[in-house]
Amino acid sequence: MNIGILSRSTQLYSTRSLYQAGRRRGHTVHVIDHTRCSLVIDENGHQIFYESALLPVLDAVIPRIGASVTGQGAAVINQFELMGVVSPTSAAALQIARDKLRCLQLLAQQGIPVPRTVMVGPYGNTEKVVDLLGGFPVVVKLLESTHGIGVELAGSSWELQRLLDYYFQHHDRVILQEFIEEARGADIRALVVDGKVVACMRRQAQPGEFRSNLHRGASSFSVKLKAEELELVERVVHTMKIDVAGVDILPSGKGPLVMEVNASPGLEGIETTTGVDVAGKIIRLLEKKVKAKNQL
């Protein structure tokens, strides 16, 4: 196969892992910076130029789209889709997953348990919102937050107002969520390929920290999901219509809650923690999808 990895850097762990996995399977692999793509729509249909040259014909692409260029990346994925190129992540799934509010709305609509969440505006009644969330502390989160950046904990009205004032100076969408104290700074990341959980780790925040992101020094170890957690994750990816995803689960007194769905999950933490060749499983998924497409 001729595979393109949509990534802005060949130095990123996930990009390298996917590149090497593709080469091991005997495929030709290209790393394509999606921010340098020009999308052509004319009487000839759809084409993509990369740095002034027409891209070679690809069988499949693997999106590795950063949060800061979600819209641009989604447009490139959509162009490939219109050209009949296979992708494990659709443009629609990427955009929904990146919009934390839309993602939670969709999951909750399907009866999937999520943390109590309120989207607030600069002139909202924060006292009422805090009451709805069960009181302080509350989690304050930008909708475009990533790696724990733009996620804070407010323990008082003063702290909450300070955070909101700062966020609303630079952003227009902020959500508040209930703080799950019983999670004790831990969550579970399940990596899904082709609708099935292939690797899973528990992440534990450092003492005094509630964010369990590995980028913030959290520790991690491999775990096996309980039956209810496994069923929950599979429901999430079925609802999202996504083939490759990282699903973050928060343990709580009322059962597991889906905190977030990552449509372009990093592979370094999950592969090094579990020893699972997730990249290889993604390549085999593409082989399966391309084979099915060619048989139509």
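The values are calculated or read from the model by the stated rules, or taken from the named source; none is laboratory data. None of these values were measured; they are calculated from a predicted model. We place every Cβ from the backbone using ideal geometry, glycine too, and count neighbours over all the protein chains shown.
Some points to look at:
- Lone qualifier among VAL86, VAL29 - being touching a residue at least 60 places away in the same chain (Cβ under 8 Å) and not basic (Lys, Arg): VAL86
- Residues in segment 125-183 that are within 20 Å of VAL261 (Cβ to Cβ) and touching a Lys or Arg at 6+ places or on another chain (Cβ under 6 Å): 5 in all.
- Filtering segment 215-239 to residues that are modelled with pLDDT under 95 and either buried (at least 20 other Cβ atoms within 10 Å of the Cβ) or under 15 Å from LEU94 (Cβ atoms) (or both) leaves only ALA218.
- Residue in segment 174-181 that is free of Cβ contacts under 8 Å to residues at least 60 places away in the same chain, closer than 30 Å to GLU231 by Cβ, out of contact with any strand residue (DSSP E or B) (no Cβ under 6 Å at 6 or more places or on another chain) and surrounded by fewer than 14 Cβ atoms within 10 Å (Cβ to Cβ) present: yes
The rows are residues; the columns are (1) assigned to a loop (DSSP other than H, G, I, E, B); (2) outside the structural domain of GLY84 (by TED's automatic domain parsing); (3) more than 23 Å from CYS103 (Cα to Cα).
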residue: SER252; (1), (2), (3): yes, yes, no
residue: ILE270; (1), (2), (3): no, yes, no
residue: GLY280; (1), (2), (3): no, yes, yes
residue: ALA292; (1), (2), (3): no, yes, yes
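- Lone qualifier among THR70, THR15 - being at pLDDT below 95, within 18 Å of the chain's Cα centre (by Cα) and on the phi < 0 side of the Ramachandran plot: THR70
- Condition check for MET259: surrounded by 15 or more Cβ atoms within 10 Å (Cβ to Cβ), part of a strand (DSSP E or B) and touching a Phe, Trp or Tyr at 6+ places or on another chain (Cβ under 9 Å): no
- Selection count where residues are out of contact with any strand residue (DSSP E or B) (no Cβ under 8 Å at 6 or more places or on another chain) and aliphatic (A, V, I, L, M), scope segment 226-263: 1
Let's see how each residue does on (1) in contact with a Pro (Cβ under 6 Å, 6 or more places away or on another chain); (2) in contact (Cβ under 8 Å) with a residue 40 or more places away in the chain; (3) surrounded by 15 or more Cβ atoms within 10 Å (Cβ to Cβ):
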{"residue": "ALA93", "(1), (2), (3)": "no, yes, yes"}
{"residue": "ARG98", "(1), (2), (3)": "no, yes, yes"}
{"residue": "GLN109", "(1), (2), (3)": "no, no, no"}
{"residue": "MET119", "(1), (2), (3)": "no, yes, yes"}
{"residue": "GLY124", "(1), (2), (3)": "no, no, no"}
{"residue": "ASP131", "(1), (2), (3)": "no, no, no"}
{"residue": "GLY134", "(1), (2), (3)": "no, yes, no"}
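- Evaluating ILE3 against the criteria (1) at pLDDT below 95; (2) over 19 Å from the mean Cα position of the chain (by Cα); (3) among the β-branched types (Val, Ile, Thr) leaves one unmet condition, (1).
- Residue tally, condition touching a Leu at 6+ places or on another chain (Cβ under 8 Å) and on the phi < 0 side of the Ramachandran plot, over segment 192-211: 7
- Residue within segment 170-184 that is on the phi > 0 side of the Ramachandran plot and modelled with pLDDT of 90 or more present: no
- Residues in segment 119-138 include none that are assigned to a helix (DSSP H, G or I) and either touching a Cys at 6+ places or on another chain (Cβ under 8 Å) or under 21 Å from ARG216 (Cβ atoms) (or both).
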